[in-house]
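Enquirer: Questions regarding the structure given below will be posed in turn.
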Amino acid sequence: MRILRIFFLILLVVLSAGCAAAPIRGTFSAKYPDGIGDQCAYTDLTSIVNTYNVVLEWDGIKKILTLRKGDNKVEMALCSRLVLVDSVLYKLQDPVIMKRSTILVPTNFCESVLPGLFIRGRLSKTAGENSCRAACHTIKRIVLDPGHGGKDPGAVGKGGLREKDVVLDIAKGVKRYLAAGGLDVSLTRDKDIFISLWRRADIANKCEADFFISIHANAARSRYASGFEVFYLSEAVDDSARAIAAVENASLKYEDSSFGNSLPSSELEAILWDIEYSENRQESIELANNIIKTTCGSLKLKNRGQKGANFYVLKGAKMPSVLVEVGFISNAKEAQRLGDASYRDRIARLISEGILNYRDEYEAAEGFTTKR
């Protein structure tokens, strides 16, 4: 039994590592297990924790979730169908998944195994149905965030070219191309107004966006600095990323109140935030790579790559999110290009192609499996 348990844990680590290396793809299978009737195929993990009053533990290294109550425990990994219940191996009909900040467990497992293990009560049908409605979708909704605006001009280049104007025009172009590709797209601002950094992410959250994309133009002390780069949220940053984040975060000085993100209110919420951050980061990196791949080659821009940085505007987003720097407005040649409407339209089209390519890859897989 000890050997079996060790083998299972190793297998969970391998499977979850594969999941972390690539984004969750596809759509919910919407399967209805025998005996479940019209209940949803998935149940929110939070409702499991609350219903059975169990302790949730998260191993961020091994990517293993543990539900524990007394001497009983359930161990599972995201994107895996294998579950260990008090040293007994189960194979689920569908994998444990995470979507829109919600961890979902197959309902047939919750109904058939957990009551006998944790004794108290059964999960409500409402919780499962709500989970299904929140997650049964492909990539449909994108929120685009043109940086700066209003009293915050952003970086200003030669001839008075303002970042806020450049990125608003590009964002409108991206919206037009994405809408033509079948996506529902919203802008955090569609005119020259100021919106606080925390409010931008809040707009994406309330729209229940699948992705949040903030668009900016870069600036540096050196007039020779040039190129295109895409950032995802990360605490681990190099000196260059730290400097760029400091420039973009300078918008905080225009805000009338402190940054609006609240801290986790419970240990459970803190664990879910940690898992959400880890999973969203992987999808953000994949999206960033797709945008870079389609844009840099076609425009013959210097590829500065995808990088992690601590951008306030991305911190509150509850979905994968990236910040795109379309070029250096402080570089005379790039500023000249960014000042041209036809060039801004080209860059908008190519950014859109990167997003749509990622959407197509995401939806190409059948359901949520560990196959890549």
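The values are calculated or read from the model by the stated rules, or taken from the named source; none is laboratory data. All figures in this text were calculated on a predicted structure; none of them were measured in a lab. All Cβ positions, even for glycine, are placed from backbone atoms using ideal geometry, and neighbour counts span all protein chains on display.
Enquirer: Would you pick out the residues in the stretch 312-366 that are of a type in the set (A, V, I, L, M, F, W, C), within 22 Å of LYS172 (Cα to Cα) and not in a helix (DSSP H, G or I)? Before you say what the answer is, go through the steps one by one.
Expert: Of the stretch 312-366, the ones of a type in the set (A, V, I, L, M, F, W, C) are 313-314, 317, 319, 322-324, 326, 328-329, 332, 335, 338, 341, 347-348, 350-351, 355-356, 364-365.
From what's left, within 22 Å of LYS172 (Cα to Cα): 313-314, 317, 319, 322-324, 326, 328-329, 335, 338, 341, 347-348, 350-351, 355-356.
Those that are of a type in the set (A, V, I, L, M, F, W, C), within 22 Å of LYS172 (Cα to Cα) and not in a helix (DSSP H, G or I): ALA317, MET319, VAL322, LEU323, VAL324, VAL326, PHE328, ILE329.
Enquirer: Please give the number of the condition GLU366 fails out of (1) of a type outside the set (S, T, N, Q); (2) crowded, with 23+ Cβ neighbours inside 10 Å; (3) out of contact with any Phe, Trp or Tyr (no Cβ under 6 Å at 6 or more places or on another chain); (4) at pLDDT below 95.
Expert: Here GLU366 clears every test but (2).
Enquirer: Scan the stretch 81-101 for residues that are among the hydroxyl-bearing types (Ser, Thr, Tyr) and without any contact (Cβ under 8 Å) to a residue 60 or more places away in the chain and jot them down. If you could, list the steps in order and put the result at the bottom.
Expert: To start, the set of residues in the stretch 81-101 that are among the hydroxyl-bearing types (Ser, Thr, Tyr) comprises 87, 90, 101.
Of everything in the stretch 81-101, just one residue is among the hydroxyl-bearing types (Ser, Thr, Tyr) and without any contact (Cβ under 8 Å) to a residue 60 or more places away in the chain, namely TYR90.
Enquirer: Now, a different point. Taking the options LYS175, LYS191, name whichever one is assigned to a helix (DSSP H, G or I) and modelled with pLDDT of 95 or more. I'd like the intermediate steps shown before the answer.
Expert: Numbers: LYS191 fails: assigned to a helix (DSSP H, G or I).
Selected residue: LYS175, the only one of LYS175, LYS191 that is assigned to a helix (DSSP H, G or I) and modelled with pLDDT of 95 or more.
Enquirer: Quick one: VAL13 ticks every box in (1) at pLDDT below 85; (2) in contact with a helix residue (DSSP H, G or I) (Cβ under 9 Å, 6 or more places away or on another chain) bar one, so which box is it?
Expert: If we test VAL13 against (1) at pLDDT below 85; (2) in contact with a helix residue (DSSP H, G or I) (Cβ under 9 Å, 6 or more places away or on another chain), just (2) comes out false.
Enquirer: Moving on to the next point. When you check ILE285 against the structure, is it among the β-branched types (Val, Ile, Thr), over 11 Å from the mean Cα position of the chain (by Cα) and not in a loop (DSSP other than H, G, I, E, B), yes or no?
Expert: Working: among the β-branched types (Val, Ile, Thr): yes; over 11 Å from the mean Cα position of the chain (by Cα): no; not in a loop (DSSP other than H, G, I, E, B): yes.
For ILE285, the condition - among the β-branched types (Val, Ile, Thr), over 11 Å from the mean Cα position of the chain (by Cα) and not in a loop (DSSP other than H, G, I, E, B) - is not met.
Enquirer: Is there a residue in the stretch 30-46 that is modelled with pLDDT of 85 or more, assigned to a helix (DSSP H, G or I) and more than 24 Å from ALA364 (Cα to Cα)?
Expert: Filtering the stretch 30-46 for residues modelled with pLDDT of 85 or more gives 42-46.
Cutting the leftovers down to assigned to a helix (DSSP H, G or I) gives us 45-46.
Among the residues that remain, those that are also more than 24 Å from ALA364 (Cα to Cα) are: 45-46.
Within the stretch 30-46, one or more residues are modelled with pLDDT of 85 or more, assigned to a helix (DSSP H, G or I) and more than 24 Å from ALA364 (Cα to Cα).
Enquirer: Here is a follow-up. I'm told ARG120 meets every condition in (1) modelled with pLDDT of 90 or more; (2) out of contact with any Leu (no Cβ under 9 Å at 6 or more places or on another chain) except one. Can you identify the failing condition by its number?
Expert: (1)
Enquirer: Let me ask another. Looking at the stretch 92-107, is at least one residue part of a strand (DSSP E or B) and surrounded by fewer than 18 Cβ atoms within 10 Å (Cβ to Cβ)?
Expert: Scanning the stretch 92-107, I find no residue that is part of a strand (DSSP E or B) and surrounded by fewer than 18 Cβ atoms within 10 Å (Cβ to Cβ), so the answer is no.
Residue-by-condition table, conditions (1) over 22 Å from THR188 (Cα atoms); (2) among the aliphatic types (A, V, I, L, M); (3) modelled with pLDDT of 60 or more:
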position	(1), (2), (3)
GLU208	no, no, yes
ILE215	no, yes, yes
TYR232	no, no, yes
VAL237	yes, yes, no
ALA250	no, yes, no
ASP256	no, no, no
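Enquirer: Name every residue in the stretch 58-75 that is modelled with pLDDT under 90 and not in a loop (DSSP other than H, G, I, E, B), in order of residue number.
Expert: The answer is TRP58, ASP59, ILE64.
Enquirer: Which one is surrounded by the most Cβ atoms within 10 Å (Cβ to Cβ) among residues in the stretch 157-184 that are more than 11 Å from GLY147 (Cβ to Cβ) and hydrophobic (A, V, I, L, M, F, W, C)?
Expert: VAL174
Enquirer: Another question, then. Give me a count of the residues in the stretch 312-332 that are more than 17 Å from GLU283 (Cα to Cα), touching a strand residue (DSSP E or B) at 6+ places or on another chain (Cβ under 9 Å) and either surrounded by fewer than 20 Cβ atoms within 10 Å (Cβ to Cβ) or not small (Gly, Ala, Ser) (or both). Before the answer, list the steps.
Expert: Initial filter on the stretch 312-332 (more than 17 Å from GLU283 (Cα to Cα)): 312-313, 325-332.
Within this subset, residues satisfying the condition of being touching a strand residue (DSSP E or B) at 6+ places or on another chain (Cβ under 9 Å) are 313, 325-331.
With either surrounded by fewer than 20 Cβ atoms within 10 Å (Cβ to Cβ) or not small (Gly, Ala, Ser) (or both) added as a condition, the list becomes 313, 325-326, 328-329, 331.
Adding up the residues that qualify gives 6.
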